[in-house]
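Working notes, structure below.
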Amino acid sequence: MHIGIDIGRSAVKAVGPRTTWVGPTGLLVGRPTRGPIALLETEEAAQTEETEDVTIETASRTWTLTDWGGATYDLSPHKTREGTALALLGALGALLIAENATEEEKAIVVATGLPAALMEPDAQPLGRLVIRLVREGVTVRWRGRTVRIPRRLRLLVYAEGDGIYEAARREGLAGTESLVLDMGHVTTNIVEYRRGGERLRVFSLPKGGADVFRGFGNALARRGGPLMSYGRIHWLVPRMFAGLITRIDLGDGRETDLREIFREAARDFFIRDLWPEVQAILGDYAAFGNVVIAGGGAEIFPVGEVLPQARVMPEPRLAQARGYALLAARYAEGGTQA
Amino acid sequence: MKKTGPTRVSYRIPEWAAEAIRPLIRRGPDRDRLLAHLAVAAGDALERPRTLLAEFEALYGRYARRGRPTHMRIRLPRSLAARLAEAEASGIRPWIILVVAASRMAAARTEAAPKEGTPDLPGVRPGGEFATEDEP
């Protein structure tokens with residue numbers, strides 16, 4: 001089975017042969033439904049069994065991947081800590097459950113990625129950690145079903161951008177020479193490819209959607225809204241875009257539209273902070289090159305205004321994971337083996 | 001036949017276009033390619049001006065109105081500079097032809113997807129490979 005997993009900092013995306021799974025990234029120790037952790041969003045209490053929470057049992061501990069406001073969010077661009085490995089294994093387990101994969105599944109090839117400029121030094125710590133955890137035994141529980149991560153696992157670590165490039169090539173959006181702009185939550189990766197896959201230039205700017213979340217929280221507080229932790233903002237934003245919470249009472253009878261404040265914060269951050277740095281790296285590529293854009297940032301930043309020629313991948317948040325799945329399949333067929 | 005030498009011309013051009021074109025006009029192989037595309041685009045501007053303008057609008061319509069204009073000096077073959085001046089007289093600004101030429105050059109650089117697994121085009125390679133067993 002060939003699986004692509006994009007370990008994002010706002011959401012983990014996993015793509016298998018038949019199914020796509022998107023899950024939370026906040027991490028709690030134990031099980032929130034019956035452990036020492038109190039429910040933080042009481043209105044969700046009745047729906048606990050229906051949440052996307054994933055429970056991961058390693059040899060030494062039980063963890064839960066969740067989007068609750070009190071969870072810990074790892075916002076480091078270095079994806080080498082245990083939280084990243086747990087997110088990968090949680091997503092793998094949930095996808096295997098969603099795929100109805102059998103225990104006797106043949107060897108599983110998983111392709112994932114690390115921030116492009118940090119990939120070389122960070123691949124070894126993450127890869128070794130994942131393999132150690134799998135050897136010791138990992139069990140994943142999601143939506144009332146349990147799966148044991150198969151011990152025959154092969155993990156391929158690519159650069160963030162590789163998945164988008166591969167997906168774009170299959171879609172006919174990228175050629176042998178293209179530049180990928182991956183607008184992630186914590187890092188913005190810029191990778192220039194030549195000769196159909198050689199990484200010519202690689203950059204990872206430590207800026208992205210998480211900065212917009214912070215700016216949004218600050219803007220809300222300045223207008224009289226509540227002062228929120230990062231976790232609370234992370235919890236709020238998906239519900240805001242889903243249309244569940246769209247307005248907030250500022251306390252004196254006035255209400256304001258949250259989406260408008262968020263859009264302003266995203267635009268402000270992109271135009272002032274992110275775009276000047278990206279533009280300096282792109283050079284003449286900005287106007288004339290074949291630029292492919294993906295990542296969640298492509299949905300919230302006004303990229304069309306500054307890069308009119310660039311091609312935005314369909315469903316940009318999932319493009320990376322889809323491409324990783326394609327790379328895993330190609331690797332298994334022997335296409336990239338030396 | 002008498003060989004025409006280069007001449008230095010100055011065009012008023014939006015800053016974004018000037019920034020993007022300057023590196024192309026300086027480098028050796030890129031400059032040669034750009035001049036080849038510029039010759040074709042100048043011909044199009046004289047023979048099919050509406051098509052060329054439509055191509056420009058489709059690519060940079062919204063973008064073109066942004067940013068301040070600046071002056072850019074370029075060394076061009078005399079015959080090519082004359083054709084651009086001729087196009088300007090007929091109503092198409094040289095910088096629009098320059099931008100279309102540079103864009104066509106970039107598009108030509110981006111070819112169709114290559115065949116998989118060929119030695120020259122090996123595809124994207126992983127930076128790390130890990131297995132729970134020696135041979136899965």
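The values are calculated or read from the model by the stated rules, or taken from the named source; none is laboratory data. Note that the coordinates shown come from a computational prediction; the quantities given were computed from them, not determined experimentally. Glycine also receives a Cβ, built like all others from the backbone with ideal geometry; neighbour counts cover every protein chain displayed.
The listed residues are A:Val202, A:Val109, A:Val191, and the only one of them that is within 11 Å of another protein chain (Cβ to nearest Cβ), assigned to a strand (DSSP E or B) and surrounded by fewer than 20 Cβ atoms within 10 Å (Cβ to Cβ) turns out to be A:Val202. Among the numbered conditions (1) farther than 30 Å from A:Arg169 by Cα; (2) in contact with a helix residue (DSSP H, G or I) (Cβ under 7 Å, 6 or more places away or on another chain); (3) in contact (Cβ under 8 Å) with a residue 60 or more places away in the chain, the only one that A:Trp235 does not meet is (2). Taking the conditions exactly as written (in a helix (DSSP H, G or I) and crowded, with 24+ Cβ neighbours inside 10 Å), does A:Gly163 satisfy them or not? So A:Gly163 passes the test.
Consider the stretch B:1-29 and keep the residues that are free of Cβ contacts under 8 Å to residues at least 40 places away in the same chain and within 14 Å of chain A (Cβ to nearest Cβ). The one that is surrounded by the most Cβ atoms within 10 Å (Cβ to Cβ) is B:Glu19.
If only residues of the stretch A:291-306 that are in a loop (DSSP other than H, G, I, E, B) and in contact (Cβ under 8 Å) with a residue 40 or more places away in the chain are counted, the one that is nearest to A:Asp6 (Cα to Cα) is A:Gly295. Quick check, is A:Arg214 within 24 Å of A:Thr80 (Cα to Cα) and either over 22 Å from the mean Cα position of the chain (by Cα) or in a strand (DSSP E or B) (or both)? Taking the combined requirement at face value, the residue does not satisfy it.
Per-residue answers, yes or no, for (1) in contact with a strand residue (DSSP E or B) (Cβ under 6 Å, 6 or more places away or on another chain); (2) buried (at least 24 other Cβ atoms within 10 Å of the Cβ); (3) modelled with pLDDT under 90:
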site	(1), (2), (3)
A:Pro36	no, no, yes
A:Thr51	no, no, yes
A:Ser60	no, no, yes
A:Pro77	no, no, no
A:Gly83	yes, no, no
A:Gly90	yes, yes, no
A:Leu96	yes, yes, no
A:Thr102	no, no, yes
A:Ala117	yes, no, no
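The set of residues in the stretch A:134-146 being in a strand (DSSP E or B) and buried (at least 21 other Cβ atoms within 10 Å of the Cβ) consists of A:Val140, A:Trp142.
Condition check ((1) touching an Asp or Glu at 6+ places or on another chain (Cβ under 8 Å); (2) closer than 30 Å to A:Ile271 by Cα) across all residues:
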position	(1), (2)
B:Ile21	yes, yes
B:Arg33	no, no
B:Val40	no, no
B:Gly61	no, yes
B:Ile74	no, no
B:Ala81	no, no
B:Gly91	no, no
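Return a yes/no flag: does the stretch A:167-186 have any residue that is closer than 28 Å to A:Leu96 by Cα, β-branched (Val, Ile, Thr), more than 13 Å from chain B (Cβ to nearest Cβ) and part of a loop (DSSP other than H, G, I, E, B). Among the residues of the stretch A:167-186, at least one is closer than 28 Å to A:Leu96 by Cα, β-branched (Val, Ile, Thr), more than 13 Å from chain B (Cβ to nearest Cβ) and part of a loop (DSSP other than H, G, I, E, B), which makes the answer yes. Among the candidates A:Arg151, A:Arg145, the residue that is at the interface with chain B (Cβ under 8 Å from one of its Cβ atoms) and touching a helix residue (DSSP H, G or I) at 6+ places or on another chain (Cβ under 7 Å) is uniquely A:Arg151.
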